[in-house]
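The block underneath contains the structure these notes are about, expressed in structure tokens.
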Amino acid sequence: MIWSLFATNPNWSSGLDLGLNGLPYTLPVHPNLVHFTIGLFSIALIFDVIATSHGLLRPIYDGLKINPDRSAYYDLGWWNLLAAALITFVTVAFGFFEMLLAEPPAGAVSPWGLPALETMYLHGVGGVFSLFMIVLLTVWRGLERYRWRSRQRAQVSLRYVAVSLLVLGFISIQAEMGAQLGGTFGLHNTAALHISEQQSVAELQTLMIPARSVGQAISTPTTNYPLPRWEIQGDRLYYGVAEVLTLPASVNRAALLTQLNERNWSADDFAIAGNQLLLGDRPLPLTASTDHLYRLQAALLSLR
């Protein structure tokens with residue numbers, strides 16, 4: 001089983017077939033784990049704020065005739081923060097795995113005016129930043145607890161509390177973007193996706209699940225992802241970040257770039273006739289040798 005993963009053409013489908021929600025398991029894992037991240041981090045911050053505000057809350061404690069242990073609140077804050085940092089590694093890992101299998105719908109826009117693909121990318125980058133900040137705060141909190149403020153009654157500084165509140169605000173924005181991915185765009189959310197398509201229960205019961213594996217989903221990008229654009233830098237032609245060829249000086253580069261980018265060309269749209277490369281029924285203004293033309297055609301064919 002292990003060695004088959006390193007084969008030239010490994011069998012990815014064994015045990016990893018995708019279901020109706022586009023995942024190899026019934027329920028998405030990331031949206032469930034992220035509630036542990038948010039909950040544990042929020043609880044940790046609440047306990048730290050209560051402990052730090054112990055003097056301000058003293059009149060309330062006296063009125064209620066209770067005498068809470070300030071250090072116990074700090075203990076709860078520390079251990080909940082440590083648990084949040086540990087679980088967030090798993091949360092982010094499952095988030096990226098499920099993002100690789102996602103098919104963001106084309107044309108849909110979130111309440112914030114962002115398309116699905118941009119929302120997903122921003123959510124992914126923001127997730128990594130959230131993980132970094134939670135780990136950084138955990139290290140900071142640990143140093144204050146065990147070294148810098150170990151002999152003081154106030155175990156955490158006001159600066160730490162302020163930064164933690166800012167991070168919590170950023171995580172809240174992240175949570176909203178994640179909710180938009182699942183609710184507005186229906187990523188791995190079968191119910192939301194088919195309700196938006198106004199499919200009846202009877203139609204859902206007869207819905208055929210396409211045979212698809214994790215390996216196929218990752219290796220074959222969804223058609224909803226935008227294609228890279230053709231660019232010319234100096235005398236080199238690029239498709240996205242991939243260099244295609246070096247253009248001869250006689251090429252009308254502006255006209256070439258316009259014709260390449262004005263539509264998404266497929267392999268059936270172009271052909272070589274003599275020393276010209278035809279896109280549709282129009283020749284590209286290349287005057288170089290056929291070697292350059294064949295290299296360009298081969299590059300285009302490989303991008304199908």
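The values are calculated or read from the model by the stated rules, or taken from the named source; none is laboratory data. Every value quoted in this text rests on a predicted model; they were computed, and no experiment measured them. FYI the Cβ positions are ideal-geometry reconstructions off the backbone, even for glycines, and counts take in every protein chain you see.
For the residues Asn80, Asn67, Asn32, the requirement of being outside any helix (DSSP H, G or I), among the polar types (S, T, N, Q) and without any contact (Cβ under 8 Å) to a residue 60 or more places away in the chain singles out Asn67. When restricted to residues that are at pLDDT below 75, out of contact with any helix residue (DSSP H, G or I) (no Cβ under 8 Å at 6 or more places or on another chain) and within 24 Å of Phe89 (Cα to Cα), segment 6-25 contains 0. Of the residues making up segment 140-150, those that are closer than 22 Å to His35 by Cα and surrounded by fewer than 19 Cβ atoms within 10 Å (Cβ to Cβ) number 0.
Is it true that Val92 is β-branched (Val, Ile, Thr), free of Cβ contacts under 8 Å to residues at least 24 places away in the same chain and either out of contact with any helix residue (DSSP H, G or I) (no Cβ under 8 Å at 6 or more places or on another chain) or surrounded by 16 or more Cβ atoms within 10 Å (Cβ to Cβ) (or both)? It would help to see each step written out before you state the result.
On the way: β-branched (Val, Ile, Thr): yes; free of Cβ contacts under 8 Å to residues at least 24 places away in the same chain: no; either out of contact with any helix residue (DSSP H, G or I) (no Cβ under 8 Å at 6 or more places or on another chain) or surrounded by 16 or more Cβ atoms within 10 Å (Cβ to Cβ) (or both): yes.
Judged against the criteria, Val92 is not a match.
Here Ile134 meets the list (1) within 16 Å of the chain's Cα centre (by Cα); (2) hydrophobic (A, V, I, L, M, F, W, C); (3) crowded, with 18+ Cβ neighbours inside 10 Å almost entirely, failing just condition (1).
Which one of these is modelled with pLDDT under 85, within 30 Å of Val163 (Cβ to Cβ) and under 26 Å from the mean Cα position of the chain (by Cα): Ser110, Ser71?
On the way: Ser71 fails: under 26 Å from the mean Cα position of the chain (by Cα).
None of the other options fit; the residue is Ser110.
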